[in-house]
Amino acid sequence: MNVRQEARGKRQEVNSRLLTPVTGMVLAGGKSSRMGQDKALLPVDGVPLLQKVCEVAIALCDRVYVVTPWQERYQHLLPNRCEFIREVVRESGSGSRESANRAEEQRRIKSRTAHQGPLIGFAQGLIHVETEWVLLLACDLPCLRLEVLQDWVSELAEIPEEAIALLPRHPKGWEPLCGFYRRNCLNALETYVDRGGRSFQQWLAQHPVQPLSHFEPSMLFNCNTPDDYAAVSQWN
């Protein structure tokens, strides 16, 4: 059984038990400045890191978006069920908080690409999401595990209506790039971004967020530096 067949089988098994449909979104727009090379392309267990993260997401979600300025760089390695959303530069004040104005917002966005931080990529990707919940993932999570994400999904049905997200919380704050967000947080997110906000932590501090009842710290390990990558290579 090849990787795609295995992922399809896992997704069918998972979806048969899920009561809450979830869309996956993987952010791959960073500059990898601390790594010194594109970390999304680094092999982990013989598979590029971005591909590895996407395969886990596909096993859980019917649809997975990859938000990146560099579709051409990654299109050869992503599974067929992944769809690209090109991250582009926003013009100041061009955001819209109403769905009827989102097409106009996109026309006002400049066509040149640049990294603006993960919050901008998330906002641009969220416009395309149709399910109530979206699983947001960074592309540098080498220890991501499907069975743990399945446990997390089971908590979504019990989340208070006012909560915009279900996220891991550690002593330093929320872990924003490995958790679930309600699609209806888009208006609040666009308002924050239009006012110049770029910090996930500051934005989340303004809204109700539900902490996960449990999580494994190893799941949140980010591969940001050569030392991080060396450690991952030793684990495998």
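The values are calculated or read from the model by the stated rules, or taken from the named source; none is laboratory data. Because the structure is predicted, anything quoted here is derived from the model rather than measured. Every residue, glycine among them, receives a Cβ derived from its backbone with ideal geometry; neighbour counts consider all protein chains shown.
At-a-glance table
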{"quantity": "Of all residues making up the stretch 112-142, the number that are surrounded by 16 or more Cβ atoms within 10 Å (Cβ to Cβ), more than 26 Å from G196 (Cβ to Cβ) and out of contact with any Cys (no Cβ under 9 Å at 6 or more places or on another chain)", "calculated": "1"}
{"quantity": "Of all residues making up the stretch 13-63, the number that are of a type in the set (G, A, S), modelled with pLDDT under 85 and under 19 Å from the mean Cα position of the chain (by Cα)", "calculated": "3"}
{"quantity": "Cβ-Cβ under 6 Å pairs, at least 6 apart or on other chains, the stretch 40-58 side in a strand (DSSP E or B), far side of a type in the set (S, T, N, Q)", "calculated": "none"}
{"quantity": "Options L141, L135, L119: the member that is assigned to a loop (DSSP other than H, G, I, E, B), out of contact with any Pro (no Cβ under 7 Å at 6 or more places or on another chain) and among the aliphatic types (A, V, I, L, M)", "calculated": "L141"}
{"quantity": "Pairs with Cβ under 7 Å, 6+ apart, first in the stretch 106-126 and closer than 16 Å to L186 by Cβ, second at pLDDT below 50 and not aliphatic (A, V, I, L, M)", "calculated": "I109/S94"}
{"quantity": "Selection within the stretch 129-140 - over 21 Å from V209 (Cβ atoms) and touching a strand residue (DSSP E or B) at 6+ places or on another chain (Cβ under 6 Å)", "calculated": "C139"}
{"quantity": "Qualifying positions in the stretch 145-164 - over 21 Å from P118 (Cα atoms) and assigned to a loop (DSSP other than H, G, I, E, B)", "calculated": "R145, S154, E155, I159, P160, E161, E162"}
